[in-house]
Structures are given as C-alpha cells and as structure tokens.
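A.B. asks: Here it is, the structure in full.
Bear in mind that the values in this text are calculations on the coordinates, not laboratory data. Predicted model, so just to flag it, every value in this text is computed and none were measured. Note: ideal-geometry Cβ built from the backbone for every residue, glycine included; neighbour counts use all protein chains shown.
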Amino acid sequence: MDDLTEMLKGTLEGCVLQIIGSEETYGYAITRRLNELGFTDVVEGTIYTILVRLERNGLVQVTKRPSERGPARKFFALNDAGRKELAAFWTKWEYLSSRIDNLKEGGQ
Amino acid sequence: MGIQDIIEGKKQWRAHVARVKALPPDYQIVYKEIQKYLFKVGPIDLPDGNLLSGIIDFFEEGVAAGKGVLELIGNDVAAFADDLVKDSRTNADIYQESISGKPNTAEK
Amino acid sequence: MSFWETLTGSDLTREWKAFEARAEALPADYRAAWEQIKVKVSPHSDFTGRNLMPILDGVLGLLEETAADGQSVQDVLGDDVDGFCAALTGGEEARDYRDRWREQLNRNVAKKLGQLGG
C-alpha cells in the first residue's frame with residue numbers, strides 16, 4: 001500500500017518493540033519482517049533511528065555479536081522498561097483503534 | 001577538559017575520520033552531509049561520539065550487504081538525521097532553559 | 001563588568017583559557033567565525049558562563065573536527081553565522097534555520113550523488 005509513511009510514523013516504534021519482544025533480533029531482520037508484513041516502504045535507516053532511540057531511552061538490552069560476513073551486529077532484546085513500554089503501546093493502540101472503529105460505524 | 005582528554009579525543013576523532021574515508025563514495029557524501037547538519041542542530045550527546053560512530057557502524061553493515069546508501073536510509077536523508085536526534089536535547093534547549101532561569105544540572 | 005569579564009574572572013578561567021588555546025590552533029577563517037560566534041551568543045544578563053560552556057565546547061569541537069577534515073568554514077556554517085547562532089541559542093528564528101538546513105542537506109546529497117554519476 002502506498003503512502004502509509006505518515007500514518008505509520010507514530011506506531012512504528014510499537015511495532016519494533018513487539019518484534020524485539022518476541023525474540024532477540026537485529027535491525028535488518030526487523031526491517032525484513034516489517035516489509036514481509038506489507039510495510040514495503042520501511043527502510044533499514046528508519047528502523048536504525050528507532051533502535052538508537054530505544055537504546056538511548058533504556059528500553060532495550062544490546063549485545064554485539066559477530067556476523068558471518070561484514071562487521072559485528074547489534075542484537076536487541078527488551079528489558080523490563082521496554083516490556084512496560086510495549087504494554088503501554090498496545091493499551092494506547094486498542095484505545096485508538098476502538099474509538100476510530102466506533103466513529104466509522106457511527107456509534108458513540 | 002584536561003590535555004589528556006583533548007589528545008584522546010583527537011586520536012579517537014582521527015580513527016573515526018579514517019573509518020569515514022574507508023566508506024564507498026556515496027556513503028561518504030551522505031555521512032558528511034549528515035554530520036554537518038547534526039553539528040549545526042547541536043544535540044547535546046553529539047560530543048561523546050557514540051551517535052556518529054553508531055552511524056558508521058550502521059553504514060558499514062549496509063556496505064557489507066552490498067546496498068547503496070539511499071537504499072539503506074531512504075531518499076529523505078534529512079528525515080533520517082532528524083529521527084536520530086528526535087528526543088535529544090539540543091544546545092538551544094540548554095540555552096533557553098538557562099535564560100528562563102529553570103534549574104540546570106550544571107549549577108547543582 | 002561585561003559578560004566576558006565576568007566569565008574570565010570567575011572559576012571558569014581555566015576552562016576558558018583552554019577554549020581560547022584550542023581556538024588559536026584553528027585556521028584563520030575558522031578563528032574569525034569563532035570570534036563572531038562568541039559575540040553573537042554573548043548572553044542575557046542573567047545568564048551564567050557555566051551554562052554556556054558545554055555549548056561553546058560543542059561549537060569548538062565542530063570547528064576543530066571539520067577543520068581537521070580539510071573543509072572550509074563556509075562548507076560548515078554556510079555564509080550564515082547568524083543563523084548558526086540563532087539555532088545554537090534556540091531563538092525565534094531557530095526553526096526557520098533548521099528547515100533551511102534540512103533542505104540544504106537533501107539538496108547537497110542529491111547534487112553530490114548526481115555528480116558521482118551513479
């Protein structure tokens with residue numbers, strides 16, 4: 001789908017938290033996962049900036065591991081603060097999507 | 001800042017510049033423009049160097065994967081740079097806080 | 001007493017001298033920009049030098065690093081020391097300047113990548 005970028009902006013961080021939350025992983029794999037989900041416009045750079053911010057805000061545990069080719073990779077896993085943030089994301093998401101559904105269906 | 005810090009800083013900076021120069025031309029161009037932009041915008045964690053060396057780490061991975069730089073970070077390089085420092089305080093924030101008389105850690 | 005006298009007369013003297021020593025090692029065009037910047041960010045009366053230190057430290061760092069890199073001060077700050085200072089201090093024009101730099105960044109990238117002929 002085209003032109004999702006603007007709408008996706010606020011929720012992409014939550015998506016990344018969710019992916020990291022299910023297993024320890026690295027930037028390229030996260031990007032691939034999102035691309036496969038249908039968010040084809042998401043590039044690695046976007047995910048990189050989100051990972052930098054998650055690290056800066058102390059939501060992830062970072063481990064450097066050597067890769068088969070090229071430089072070492074940074075792997076990311078959620079810590080307690082990250083899990084809290086993820087739970088908060090889903091709470092907000094459910095609130096938002098239920099209200100918007102209501103609006104669409106003409107309810108209150 | 002002691003002499004030692006300055007010397008250490010210079011050594012680290014030279015090593016950093018050497019890494020930049022080892023990148024393919026398209027990556028070098030984009031890196032230099034981003035650096036210039038970030039220096040002007042002035043996020044306060046810029047001097048510790050992690051933000052910049054992190055970009056090089058990320059770029060080196062992109063090179064190893066055989067990608068072009070815009071393929072890696074998208075066409076809107078400025079958006080990439082902005083996202084990197086989205087929730088960082090800038091020099092301007094510090095300045096504004098101090099002239100508005102808000103408490104500042106440096107004075108504690 | 002001027003701000004700079006206050007500053008250099010205080011316990012910040014040593015730090016300040018270190019700054020000036022660093023500035024003197026810069027190429028002439030950079031040194032000129034540094035002098036301009038010092039005057040421009042020269043602050044409001046209730047502003048203490050201590051708060052300015054990390055900012056000036058960052059500015060000097062920028063100048064040193066880009067000078068070492070062989071770029072001219074024009075490359076780094078544009079013709080636009082005023083804008084640089086406005087953004088540095090977060091004045092009302094700061095947002096405009098940032099928008100301008102953002103456009104500049106993308107324009108430069110497009111231009112220079114184009115010249116690569118890639």
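A.B. asks: Within the stretch A:13-49, find all residues whose amide N lies under 20 Å from a label point positioned 7 Å from the Cα of A:E94 along Cα-to-beta-carbon.
C.D. replies: In the stretch A:13-49, the label zone of A:E94 (backbone N under 20 Å from the point 7 Å along Cα→Cβ) covers A:13-22.
A.B. asks: Give the distance, in whole Å, between the Cα centre of the stretch A:1-46 and the Cα centre of the stretch A:66-101.
C.D. replies: The two parts, judged by their Cα centres, are 10 Å apart.
A.B. asks: Give me, ordered by chain and number, the residues 5 or more places off A:S67 or on other chains with an amide H under 5 Å from its own placed amide H.
C.D. replies: A:A72, A:R73
A.B. asks: In peptide B:18-29, how many Cβ atoms from other protein chains are near each Cβ within 10 Å, on average?
C.D. replies: Taking all residues of B:18-29 together, the mean is 2.
A.B. asks: Mind ranking C:103-115, A:42-54, B:85-97 by how tightly packed they are, going by the mean number of other C-beta atoms within 10 angstrom, highest first?
C.D. replies: A:42-54, B:85-97, C:103-115
A.B. asks: Still on this structure, I have one more. Using 7 Å Cα-to-Cβ label points, what is the A:N57/A:K84 separation (nm, one decimal)?
C.D. replies: My value for the distance between the label points is 1.3 nm.
A.B. asks: Follow-up. Could you work out how far apart the two model spin labels at C:D82 and A:K64 are, taking each label as a point 7 Å from the Cα in the direction of the beta carbon, and quote it in nm?
C.D. replies: With each label placed 7 Å out from Cα toward Cβ, I get 4.6 nm.
A.B. asks: Right, next: Within the stretch A:25-51, which residues have the backbone N less than 12 Å from the label spot 7 Å out from A:A77 along Cα→beta-carbon, could you tell me?
C.D. replies: The answer is A:25, whose backbone nitrogens lie closer than 12 Å to the label point.
A.B. asks: Enumerate the amide H contacts of A:Q61 below 5 Å, restricted to partners 5 or more residues apart or on another chain; note that Pro and chain-start residues carry no placed amide H.
C.D. replies: Close amide H contacts, sequence-distant or interchain: A:A77, A:L78, A:N79.
A.B. asks: If you count, for every residue in B:68-78, the Cβ atoms of partner chains within 10 Å of its Cβ, what is the mean?
C.D. replies: Averaged over the peptide's residues, the number is 6.
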